[in-house]
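Below you'll find the structure, written out as structure tokens, and then a few comments.
The values are calculated or read from the model by the stated rules, or taken from the named source; none is laboratory data. All values reported here derive from a predicted model rather than from experimental measurement. Don't worry about glycine lacking a Cβ; one is built from the backbone with ideal geometry, like all the others, and counts go over all protein chains shown. Ligands, DNA and RNA are stripped out before the accessible areas are found, and what is left, the full protein with its side chains, is counted by its heavy atoms. Shrake-Rupley method; radii C 1.70, N 1.55, O 1.52, S 1.80 Å.
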Amino acid sequence: MPYPKRTRYRKYRKGICRRGCETGGTQLCFGRYGTRSCGAGRISYRAIGAARRATSGQFRRNGQIRVRVFADPPITGKPKGVRMGKGKGNPTGWIARASTGQIPFEMDGVRKSLIHPMGEVACSLKGIGPRDGK
């Protein structure tokens, strides 16, 4: 699972996801094909790992997959049945912030006929859509 081994602070503030187009990470750098995010939002570290495993299974170890997002801010949550107040909850997972137009996954080394089914698997993430490049 892609998340940091240690962080400077245990709990972070929520922050915002930019609704406009992102300037960095919008061009293909490592592969011929990629998935482009259609909207701003959060991607959990579990969803990133599941998409990476599912796409590598579609390629049958022939192609190369690059994950260009990293889940570094922790998210916190309180257990069920706990009343409001008494401070912030414990860290429960990690997220990656995806902006509009950002490319989280890039693929290379496979035929174009395999790209579309793999894109559908990777698009199961919220707000991510397939996009051909180069």
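Quick notes on this one:
- Some residue of region 24-33 being out of contact with any Gly (no Cβ under 7 Å at 6 or more places or on another chain) and either outside any loop (DSSP other than H, G, I, E, B) or on the phi > 0 side of the Ramachandran plot (or both): yes
- Unique residue being among the hydrophobic types (A, V, I, L, M, F, W, C), closer than 20 Å to residue 120 by Cα and part of a strand (DSSP E or B) when the list is 95, 43, 75, 48: 43
- Among residues of region 67-81 that are among the aromatic types (Phe, Trp, Tyr), none has a beta-carbon under 6 Å from a residue that is open to solvent by 50 Å² or more (accessible area, probe 1.4 Å) and part of a loop (DSSP other than H, G, I, E, B) at least six positions away or on a different chain.
- Scanning region 52-72 for residues that are part of a loop (DSSP other than H, G, I, E, B) and touching a helix residue (DSSP H, G or I) at 6+ places or on another chain (Cβ under 7 Å) yields 69, 71.
- Selection within region 62-99: residues that are surrounded by 13 or more Cβ atoms within 10 Å (Cβ to Cβ) and of a type in the set (Val, Ile, Thr). The member of this set that is farthest from the chain's Cα centre (by Cα) is 76.
- Taking each residue of region 1-22 that is of a type in the set (Lys, Arg) and looking for partners that are modelled with pLDDT of 85 or more with beta-carbon atoms closer than 8 Å, six or more apart or interchain, yields 10/74; 10/91; 11/74; 11/76; 11/88; 11/91.
- Region 32-51, subset basic (Lys, Arg) and under 18 Å from residue 97 (Cβ atoms), residue surrounded by the fewest Cβ atoms within 10 Å (Cβ to Cβ): 46
- Of the criteria (1) touching a helix residue (DSSP H, G or I) at 6+ places or on another chain (Cβ under 6 Å); (2) touching a residue at least 60 places away in the same chain (Cβ under 8 Å); (3) among the β-branched types (Val, Ile, Thr); (4) not in a strand (DSSP E or B), which one residue 103 fails: (1)
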